[in-house]
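Chemist: One structure, pasted below without further comment.
Where a number appears in this text, it was derived from the coordinates with a stated rule and is not lab data. Not measured: the values here are computed from a predicted model. All Cβ positions, even for glycine, are placed from backbone atoms using ideal geometry, and neighbour counts span all protein chains on display.
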């Protein structure tokens with residue numbers, strides 16, 4: 001959903017990323033500033049109902065499984081659809097898979113059908129870099145890059161995200177916006193709001209454990225909101 005474009009060559013790219021420090025026993029980067037940070041475990045499920053102007057628009061699902069050698073596999077599936085009666089006027093389908101081991105991203109792959117426009121990417125760790133092959137970017141990036149999948153709280157502590165649609169590197173700015181009471185999983189909870197700025201500004205909410213609990217943005221004058229289906 002981020003659309004910030006960087007002008008990048010289609011060769012080799014190596015540049016520093018800021019990001020959270022890793023811990024040897026953590027499956028994903030350990031975020032700073034959280035005493036009891038949530039770490040995903042096999043069997044965890046994040047499920048959002050997506051609303052457009054308050055009406056059903058689709059779903060966003062993230063599931064976590066155990067991979068080879070104790071790796072954590074995070075799988076994302078997004079399906080959005082708008083129509084006029086039986087006629088579909090817009091459709092967006094995106095799937096992605098991330099493999100994390102000891103706080104490092106070792107593999108990621110994704111593909112998207114954005115209303116008929118298709119793109120894909122894959123990346124594999126190669127020494128001290130992540131080799132990316134994608135529709136809009138091919139090259140190398142540091143292994144501490146964070147995929148733009150939003151479930152990972154560490155994305156609030158970085159300046160760049162890796163697109164799981166086409167391999168592009170997004171340039172972002174994240175600003176804390178304070179605490180709010182929101183509705184998530186059918187009840188009111190306290191959450192921390194962050195503004196993620198790009199060509200499309202996105203508001204994200206995480207609870208005090210760093211769990212992703214809400215998302216909202218405006219596109220073409222229409223309000224899009226993610227409502228958490230159940231707590232995880």
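Chemist: What's the exposure ranking of 146, 182, going from fewest to most Cβ atoms within 10 Å?
Modeler: Details: 146 24, 182 18.
Result, fewest neighbours first: 182, 146.
Chemist: Additional query: Within the stretch 65-82, whose backbone N sits under 16 Å from a point 7 Å along Cα→Cβ of residue 45?
Modeler: Zone members listed by number: 65-66, 74-79.
Chemist: Mind ordering 45-56, 149-160 by average Cβ neighbours within 10 Å, highest first?
Modeler: Descending packing order for the listed peptides: 149-160, 45-56.
Chemist: If the elastic network links every pair of Cα atoms under 10 Å, which of 220, 211, 91 fluctuates the most in the Gaussian network model of the chain?
Modeler: So, out of 220, 211, 91, the one fluctuating most is 220.
Chemist: Provide 136, 196 in ascending order of the number of other Cβ atoms located within 10 Å of each residue's Cβ, fewest first.
Modeler: 136, 196
Chemist: If you build a Gaussian network model of the chain, linking Cα atoms that sit under 10 Å apart, which residue out of 65, 203, 115 swings the most?
Modeler: Maximum among the listed residues: 115.
Chemist: With only alpha-carbon atoms in the gyration tensor, what are the semi-axes of the equivalent ellipsoid for the stretch 157-232, in Å, largest first?
Modeler: Whole-Å semi-axes of the equivalent ellipsoid: 23, 15, 13.
Chemist: Calculate the FRET efficiency for residue 187 and residue 65 from the Cβ-Cβ distance with a Förster distance of 30 Å, rounded to the nearest 0.05.
Modeler: 0.60
Chemist: Here's something else I'd like to know. Fewest Cβ neighbours within 10 Å first, please rank 169, 224 accordingly. Before the final figure, lay out each step's value.
Modeler: Details: 169 24, 224 19.
Listing 169, 224 from fewest to most nearby Cβ atoms yields 224, 169.
Chemist: Could you check the simple spin-label distance between residue 102 and residue 201, using points 7 Å along Cα→Cβ, in nm with one decimal?
Modeler: It works out to 4.2 nm between the two label points.
Chemist: Let me ask another. Could you check which residue among 36, 133, 104 shows the biggest mean-square fluctuation in a GNM of the chain with a 10 Å Cα cutoff?
Modeler: 36
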